[in-house]
Amino acid sequence: MVKIAKTNAMRLLDAQKIPYGMLSYEVKDGKIDGISVAAKIGKPPEAVYKTLVTQGHSGELYVFVIPVAAELDLKKAAKAAGEKKIELIHVKDIQKYTGYIRGGCSPIGMKKHYVTFVDESAATLDEIVVSAGKIGTQITLSPQGLLEAAHARYAALTQETR
């Protein structure tokens, strides 16, 4: 039996006694985008969420968790955060601010807590899938569990699809 090393996100969930499951996927093919990950773990893309880190006009950082197939609506994100304007941080800065790398950024267990929003679409799900904080590993938990663990709240965050 292979022992899986726990990530910061898993340790935090354990400490808060929030139930979760773990899924792993192959990364050798280099396909670590959300749609590919959803297919690899056998989950619909609507249930798999990505973590985006942004910076507001004020300089504050914010975390947004949205479905992998969706695009973050920057106007809605700014409104949710109470900012005039918001933009994604550079990929090279993700690790500096979160302790995680691109493709393995979990909304849970960042090295510093940032105000976090989860797209309101998650409220309709029984289970949500997010990064465990390591490429190749995802965690499943209830949307309520995610809100508790990430000290997050719901907001309308995605662009309308035409």
One finds, for SER24 and GLU71 with R0 = 22 angstrom and r their Cβ-Cβ distance, a FRET efficiency to the nearest 0.05 of 0.25
For the range 1-102, shape from the Cα gyration tensor axes a ≥ b ≥ c, cut at a/c of 1.5 then a/b versus b/c, turns out prolate
Karplus ³J(HN,Hα) for the range 108-120 (6.51 cos²θ - 1.76 cosθ + 1.60, θ = phi - 60°; Hz, whole; x = Gly/Pro) runs 10, x, 5, 5, 9, 7, 10, 4, 10, 10, 10, 4, 4
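For a test of the definition: using alpha carbon positions, the gyration tensor, and the 1.5 limit on a/c, classify the range 110-157 as rounded, prolate or oblate.
Oblate shape, in that a/c is at least 1.5 and b/c is the bigger or equal ratio.
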In debye to the nearest 20, the charge dipole size for the range 19-162, taken about the Cα centre with +1 at each Lys and Arg Cβ and -1 at each Asp and Glu Cβ, equals 460 debye
Straight-line reach check, LYS6, cutoff 15 Å on alpha carbons, 8 or more apart in-chain or any other chain, hits among aspartates and glutamates -> ASP14
Which of LYS28/LYS75; LYS28/LYS76; LYS92/LYS112 exceed 28 Å between C-alpha atoms? The answer is LYS28/LYS75; LYS28/LYS76
Here the gain from full extension of ILE41 to VAL91, 0.36 nm per residue of separation minus their alpha-carbon distance, amounts to 15.5 nm
Classified through the alpha carbon gyration tensor (a ≥ b ≥ c as square roots of its eigenvalues; rounded if a/c is under 1.5, else prolate when a/b is larger than b/c, else oblate), the range 16-162 comes out rounded
Looking only at lysines whose Cα falls under 19 Å of LYS43's and that sit 8 or more positions away or on another chain, we get LYS31, LYS134
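Each value in this text was obtained by applying a stated rule to the coordinates, not by laboratory testing. Predicted model only: the values in this text are computed from it and were never measured. Cβ atoms come from the backbone with ideal geometry, glycine included; neighbour counts cover every protein chain shown.
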